[in-house]
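A.B. asks: Quick one: the structure is below, and I'll ask about it shortly.
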Amino acid sequence: MKTLTINRQQRELDSPDDTPLLWVLRDELGLTGTKYGCGKALCGVCTVLVDGAPRRACITPLAALDKHAVTTIEGADSKVARAVIEAWTALDVAQCGYCQSGQIMAATALLESNRRPSDADINAAMDAILCRCATYVRIRAAIHAAAEALA
């Protein structure tokens, strides 16, 4: 039995240590906001925060999470996360929406560390998360809008 902190709650898990976090979130805990994309950490759709830093849930084994805090889109309720989600909604960023939880988590991590990101900062932080609808212009605008709301 392993105990992890997920969305600020202690959770008891029976999965083997090599089980990817994504399957624990979705199948054991019913937290389906984190999506499966490529399963190889190439698309970023499954991005969650581990101690505030973006991490691909599809390749992160449970054994790597001992004493670390995991935040999923369901637990994204910090001041920064709320500003990001509000900007996402106001600017109608999502098209198909499949990658959006990963995008929002990465944007939240960016704004937690840099409240005034440049376009280059945003591109660097977000370029590993693929959006098959190519809403990158709206994603960048939403991050700038969230940064302005937080100023």
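Any read-out appearing in this document is the output of simple, stated calculations on the displayed coordinates, not a laboratory observation. Model, not experiment: these values are computed from the prediction. Note that we place each Cβ from the backbone using ideal geometry, even for glycine, and neighbour counts take in every protein chain shown.
A.B. asks: May I ask for the percentage of alpha-carbon pairs in region 1-88 that lie more than 16 Å from each other?
C.D. replies: I get 50 percent for the Cα pairs in region 1-88 exceeding 16 Å.
A.B. asks: In the chain, if the dipole is taken from +1 on Lys/Arg beta carbons and -1 on Asp/Glu beta carbons about the Cα centre, which of Leu111, Leu49, Leu65 is farthest to the positive end?
C.D. replies: With unit charges placed on the Cβ atoms, the residue in question is Leu111.
A.B. asks: Is there a quick way to get the dipole size of region 1-141? I mean about its Cα centre, with the Cβ of Lys and Arg at +1 and of Asp and Glu at -1; what is the value in debye to the nearest 20?
C.D. replies: The dipole of region 1-141 has a size of about 320 debye.
A.B. asks: Here's a follow-up. Hey, what D do you get for the chain in µm²/s if you plug the Kirkwood alpha-carbon radius into Stokes-Einstein at 10 °C and 1.306 mPa s?
C.D. replies: Using the Kirkwood radius from Cα pairs, D works out to 103 µm²/s.
A.B. asks: Okay, next question. Give me the compactness ratio for region 81-151, meaning the Cα radius of gyration over 2.2 N^0.38 Å.
C.D. replies: So region 81-151 has a normalised radius of gyration of 0.95.
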